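Asks: One structure is given below, represented as structure tokens, and several questions about it will come after.
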Amino acid sequence: MPRTASEYHQRVSSDKRAAILTSARTLFTRSGYDKTSLARVADEAGVSTATVFKQFPNKAALFEALVLDFWTEVEVAGPAPTEGDPASGLSALGTRYAALLLRDGMAGLFRLVIAEAPQFPELARIQFDLGKAPFFDEVRRYVEAEHALGSLRVEDPEMACTQFLGMIANYVLWPRMLLVDFALPADRVQDVVESAVLTFLARYDSTQAAETLS
């Protein structure tokens with residue numbers, strides 16, 4: 001069945017939007033947010049400035065769409081971890097978090113947001129709200145559920161989750177923020193996750209906590 005004119009225009013509009021977002025990501029990373037104009041984005045994408053403004057009324061809206069598009073492509077949510085088995089559940093969550101941090105473009109996006117945050121704090125807020133917050137909340141809910149089941153003893157879930165995710169990010173993400181050629185073998189990444197799980201359980205496993213208090 002032939003495509004209708006409406007379907008054709010929707011596809012063209014979608015293709016142009018994708019080209020604009022790709023060009024914006026390239027220019028923001030290369031030149032910074034402040035020095036990248038919508039006119040430059042249009043030129044890089046091969047579209048008119050009017051086309052960019054039609055889709056994104058200002059640069060902040062373009063950046064928000066860029067971050068949203070980035071996180072939309074990422075499977076932040078996943079199958080529910082196994083209840084009553086924190087070692088398995090935390091390992092699954094940690095593995096997903098490491099994969100998230102290692103995704104192409106993640107380090108560059110963080111560099112951009114950090115560099116521009118003092119002048120454009122809204123960029124950091126967008127990145128946090130769309131990226132880290134949802135995953136952090138999922139881990140926190142899991143830890144709270146395990147605490148309720150009695151398999152973990154966690155009085156401060158926010159602190160505990162920060163510690164757990166921080167152990168992974170400190171090894172997987174932060175070296176790449178400064179060392180652009182830094183890479184970790186897949187087996188080493190899994191070692192990092194498993195070490196974070198073991199360290200977390202050594203502190204918060206209910207059996208360990210009971211033995212410490214006895």
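Asks: Identify the GluC sites (Glu not before Pro) of region 142-214 meeting these criteria: DSSP loop state and at most 13 other C-beta atoms within 10 Å of the C-beta.
Replies: Of the GluC sites (Glu not before Pro), the ones in loops of region 142-214 whose Cβ has at most 13 other Cβ atoms within 10 Å are 155.
Asks: Let me ask you something else. Ignoring everything except DSSP H segments at least 4 long, calculate the 222 nm mean residue ellipticity for the chain; use -39,500 (n - 2.57) per segment, divide by total residues, nearest 500.
Replies: It comes out at -23000 deg cm²/dmol, rounded to the nearest 500.
Asks: Moving on. For the pair residue 155 and residue 122, what calculated FRET efficiency results from E = 1/(1 + (r/R0)^6), where r is the Cβ-Cβ distance and R0 = 35 Å, to the nearest 0.05?
Replies: In this case the efficiency is close to 0.55.
Asks: Here's another thing I want to ask about it. How would you classify region 5-58 from its alpha-carbon gyration tensor, with a ≥ b ≥ c the square roots of the eigenvalues: rounded for a/c under 1.5, else prolate if a/b is greater than b/c, otherwise oblate?
Replies: It is prolate, given that a/c is not under 1.5 and a/b is the larger ratio.
Asks: Find which of 24, 51, 10 sits farthest along the positive direction of the dipole of the chain, computed with +1 on the beta-carbon of Lys and Arg, -1 on that of Asp and Glu, about the Cα centre.
Replies: It is 51.
Asks: Give me a comma-separated list of calculated 3J(HN,Hα) values for region 139-156, in order, Karplus coefficients 6.51, -1.76, 1.60 applied at θ = phi - 60°, integers in Hz, x for any Gly or Pro.
Replies: The phi angles translate into 5, 4, 4, 5, 4, 5, 5, 5, 5, 5, 6, x, 7, 10, 10, 10, 7, 10 Hz.
Asks: Here's another thing I want to ask about it. Counting Lys and Arg as +1 and Asp and Glu as -1, what is the net charge of the other residues whose Cβ lies under 12 Å from the Cβ of residue 150? The partial results should precede the final answer.
Replies: Details: positive: 153; negative: 83, 146, 205.
So the environment of residue 150 carries a net charge of -2.
Asks: For residue 128, what is the net charge nearby, where nearby means another residue's Cβ is under 14 Å from its Cβ and Lys, Arg count +1, Asp, Glu -1?
Replies: Working: positive: 125, 132; negative: 64, 116, 122, 129, 137.
Summing Lys/Arg as +1 and Asp/Glu as -1 gives -3.
Asks: What's the center-to-center distance, using Cα atoms, between region 16-48 and region 123-176 in Å?
Replies: 33 Å
Asks: How would you rank 138, 122, going from fewest to most other Cβ atoms within 10 Å of each one's own Cβ?
Replies: Ordered from fewest to most neighbouring Cβ atoms within 10 Å, 138, 122 come out as 122, 138.
Asks: Of the listed peptides 85-93, 167-175, 9-17, what is their order by residue-averaged count of other C-beta atoms within 10 Å, with the highest listed first?
Replies: Peptide ranking by packing, descending: 85-93, 167-175, 9-17.
Read the figures in this text as sums done on the coordinates, not as results from a lab. Keep in mind that this is a model prediction, so the values were computed, not measured. All Cβ positions, glycine included, derive from the backbone under ideal geometry; neighbour counts span all protein chains shown.
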